[in-house]
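Working notes, structure below.
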Amino acid sequence: MINVKNLTHYYGKDKALDNINLQIQKGEFISLIGESGSGKSTLLSVLSTLLKPTNGEIVYENINYKDIKNIDRFRRENIGFIFQFHYLINYLTVKENISLANEKASKKQIEELLDLLKIKELINKYPNEISGGQRQRVSIARALINNPKIIFADEPTGNLDSVNSLNVFELLKTFSNKGTTIVVATHDRNLAAIADIIYEVKDGKLI
Amino acid sequence: MISYAFKALNANKLKTILIYLSLIFSIVSIFLISSISNGIITMYSSMLKSDGDIIITQAKISDTFFSNVDINLIEKINEIQNVENSSALIVGASPVEKLPIVAVYGVTSNRFKNYELLNGSYPKENEVIVGKSIFEQLVNKKQIQIANKDFKISGVFKSQIGFENGGVVLSINDAGNIFNKSASMIMVNTKVDTNIEDIVKNIKKLDEQIDAKSTQNFVDNYNQFKIIKTSSNVISLIAFCMGLLGIVSLMSITINQRKSEFGIKRALGISTSKIVYSIMIESFILGLISFISAFIISNIVLYFIKNASSLQGYVNGEISNELALYIFITSISMAIIGSIIPALNAAKTDPVELIQGNKI
């Protein structure tokens, strides 16, 4: 699914990623754990095409990163992203926020997805009318609406209580079981244990 | 897309209102300065065009105010083939009562018909008729003094040409005595289907001290009109730039506060061009609403200016379809150009900042 070879990334003169080699298979649920500043967020940014790597090679299902001509389109069609903060747009309803990621998604598709996430009744609500846990579920729905092959999540439970955090990870596990590849960065080792594979990132290296 | 734009504008009410006000002030300024200068030019050219195909002034004189033409030329001009008739006009100005400046028109008797009498009769010797605007402001409504000479008010007139309503009309002989000249200009009417330029050439042969032009040619080349138009364009340009700067700064503030919105859009794979386009639509809507508001406000202001008796009808704005279209294009351009830089900045928002834990 994703093949990473000798990946290195620098911020100016500071090395953030140091010779990373990694293979991710379709449908795998991977947790990246590590201290703050260890490089896990940078690795996530590079793998999700948000950040161009300094050196190394990333191949997505036989497509080399360097050969991708329209990176926006590639990201839109293949990748879903969940942030620590939900980043929902406050003046748009739940439905409209989800539609941002896929304008062609029908109301029925959105309703089905929200039903799966157990928040169907929120479809016409605004983000400031729902709870923090519900907002994060909406952001998961937004990441899933274009049926991405891979979902990257950066500390998706960072702003949630333990119950909601567990719910989010269980949801991600459900989608992983259905064949979506999930890569999550977290500092919570208990939640990370729900994943199929755990990698620790330390000083920019994968342990 | 349009409904999202309305929602975005509504969500940022304060900034939207500030941008809206900034646009309105600029557009109203452009409307007023353009329409008032257009109005002045139109009124004066209408007056010139109302009774003449050819205008004769003193040669090498920059303004009709200083022109002095021999009125006796009228007889010779009327003898030229295809000339229908001729009239003469003296244009002057004088303080009247407390009014510091009032236009004084000395006209030949055949021009009196241009002034529609509301009451009284056309002036004889030592008499004047006054425009309805100035009449309302006179304390003594029976007699006025022009250049230390008393004139009886024989009637009150109304003219379609606004600033004539703020003036005084008397016979050209009386005006000649006041301003010590024969005539400021002579207007010549030609017969239908006549080659005006041929008559112009013949008139010029009559006297080396005169300059003759077709009325259209005169209006197109009149220096005072050029000065008014240039001044109006310069002030309009300044208003445009002020509006533009206002929009750039206010839009930049708004865009900066919405950076997380653009960051998430970038992270979702929405293209930079689409982000720029969405902001342009917001600007277009603002420009359109501001233009409509400014158009209404300008018409209200112009109505009050037109009817303000203290202005004696001298200021009379005119919003033609052409001017409205020109200002519409200007307004939309102002809104869109003003949002280009903020929109490009928004589109450049780096979504990595979202992932690095900064709530940008």
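To the nearest whole number, what is the average tally of beta carbon atoms from other chains within 10 Å of the beta carbons of peptide A:36-44? Each step should come with its number before you reach the end.
Numbers: counts 1, 0, 0, 0, 0, 4, 3, 0, 2.
Rounded to a whole number, the mean comes out at 1.
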- [ ] Would you mind getting me the FRET efficiency between residue A:189 and residue B:324? Use the beta-carbon distance for r and R0 = 60 Å, nearest 0.05.
- [x] 0.30
Open item on the list: Charges on Cβ only, +1 for Lys and Arg, -1 for Asp and Glu, centred on the Cα centroid of the protein assembly as shown; of A:109, B:78, B:242, which one is farthest towards the dipole's positive end?
Closed with: A:109
Task: Restricting the stretch B:46-102 to trypsin sites (Lys or Arg not before Pro) in coil, as DSSP defines it, with at most 16 other Cβ within 10 Å - done: B:60, B:98
Task: the stretch B:135-254, relative contact order in percent, only Cα pairs under 8 angstrom and at least six apart counted - done: 9
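Can you order the peptides B:220-229, A:23-32 by their average number of other Cβ atoms within 10 Å per residue, highest first? Mind showing how you got there, number by number?
Details: B:220-229: 13.7, A:23-32: 18.2.
For the peptides B:220-229, A:23-32, the packing ranking is A:23-32, B:220-229.
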TODO: Can you find, among B:262, B:219, B:178, the residue farthest towards the positive end of the dipole of the protein assembly as shown? Put +1 on the C-beta of Lys and Arg, -1 on that of Asp and Glu.
DONE: B:262
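Can you sort B:211, B:150 by how many other beta carbons sit within 10 Å, fewest first? Can you show the working numbers first?
Details: B:211 20, B:150 10.
With the sparsest Cβ surroundings first, the list reads B:150, B:211.
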TODO: Mind giving me the nanometre distance, one decimal, between the label points for residue A:6 and residue A:159, set 7 Å out from Cα along Cα→Cβ?
DONE: 4.1
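Averaged over its residues, how many other protein chain Cβ atoms are within 10 Å of peptide A:89-96's Cβ atoms? Don't skip to the answer; put the middle values down first.
Numbers: counts 10, 4, 10, 6, 1, 0, 0, 3.
Neighbouring Cβ atoms belonging to other protein chains average 4 per residue here.
Just how large is the dipole of the stretch B:105-237 about the Cα centre, in debye to the nearest 20, putting +1 at every Lys and Arg Cβ and -1 at every Asp and Glu Cβ? Spell out each step's value before the answer.
Details: 17 positive and 14 negative charges, 47 e Å.
Computed about the Cα centre, the dipole is about 220 debye.
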Open item on the list: Run the simple label-point estimate for residue B:101 and residue B:21 please: 7 Å along Cα→C-beta, distance reported in nm.
Closed with: 3.5
Open item on the list: How tilted is helix B:196-206 with respect to the longest principal axis of chain B? Cα atoms for both, answer in degrees (0 to 90, nearest 10).
Closed with: 50
TODO: Only Lys, Arg, Asp and Glu count, each charged at its Cβ (+1, +1, -1, -1), so figure out the dipole size of the protein assembly as shown about its Cα centre, rounded to 20 debye.
DONE: 1300
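Summarise the partner chain shielding of B:268-279 as one whole number: the mean count of Cβ atoms from other chains within 10 Å of each residue's Cβ. Kindly include the intermediate steps, with their values, before the conclusion.
On the way: counts 14, 17, 6, 5, 1, 1, 2, 0, 0, 0, 0, 0.
Mean partner shielding for this stretch: 4.
Mean residue ellipticity at 222 nm from the helices of the protein assembly as shown, using -39,500 (n - 2.57) per DSSP H segment of n ≥ 4 over the full residue count, to the nearest 500 deg cm²/dmol?
On the way: 19 runs with 265 residues, N = 567.
For the protein assembly as shown, the value works out to -15000 deg cm²/dmol.
Mind scanning A:125/B:7; B:98/B:141; B:60/B:124; A:149/B:265; B:191/B:213 and naming the pairs with a C-alpha gap bigger than 23 Å?
Working: A:125/B:7 14 Å; B:98/B:141 13 Å; B:60/B:124 33 Å; A:149/B:265 19 Å; B:191/B:213 16 Å.
In this structure, B:60/B:124 exceed 23 Å between Cα atoms.
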Open item on the list: Along the Cα→Cβ direction, 7 angstrom out, place labels at residue A:106 and residue B:221. What is the inter-label distance in nm?
Closed with: 7.3
Task: Contour excess over end-to-end distance, with Cα ends at residue B:119 and residue B:208 and 0.36 nm allotted per residue - done: 27.8 nm
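Treating only the Cβ atoms of Lys and Arg (+1) and Asp and Glu (-1) as charged, compute the dipole magnitude of chain B about its Cα centre; round to the nearest 20 debye. Don't skip to the answer; put the middle values down first.
On the way: 32 positive and 28 negative charges, 323 e Å.
Dipole of chain B, to the nearest 20 debye: 1540 debye.
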Task: Potential lengthening between residue B:62 and residue B:293 on full extension [0.36 nm per residue; Cα-Cα distance subtracted] - done: 79.1 nm
Open item on the list: Can you tally the net charge around residue B:82? Count Lys and Arg as +1, Asp and Glu as -1, for every other residue whose Cβ sits under 13 Å from the Cβ of residue B:82.
Closed with: -4
Task: Partner lysines for residue A:13 [C-alpha distance under 27 Å; skip if fewer than 8 residues away on the same chain] - done: A:5, A:40, A:52, A:66, A:202, A:205, B:348, B:359
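May I ask you to derive the relative contact order of chain B, considering only C-alpha pairs under 8 Å and at least 6 residues apart, and to give it as an integer percent? If you can, show how the numbers build up before the last one.
Working: 618 pairs, mean separation 101.4, N = 360.
Once divided by the residue count of chain B, the mean separation gives 28 percent.
Laboratory data are not the source of any read-out in this text; all were calculated from the coordinates shown. Since the structure is predicted, the reported quantities are computational estimates derived from the model, not experimental observations. Note that each Cβ is placed from the backbone with ideal geometry, even for glycine, and that neighbours are counted across all protein chains shown.
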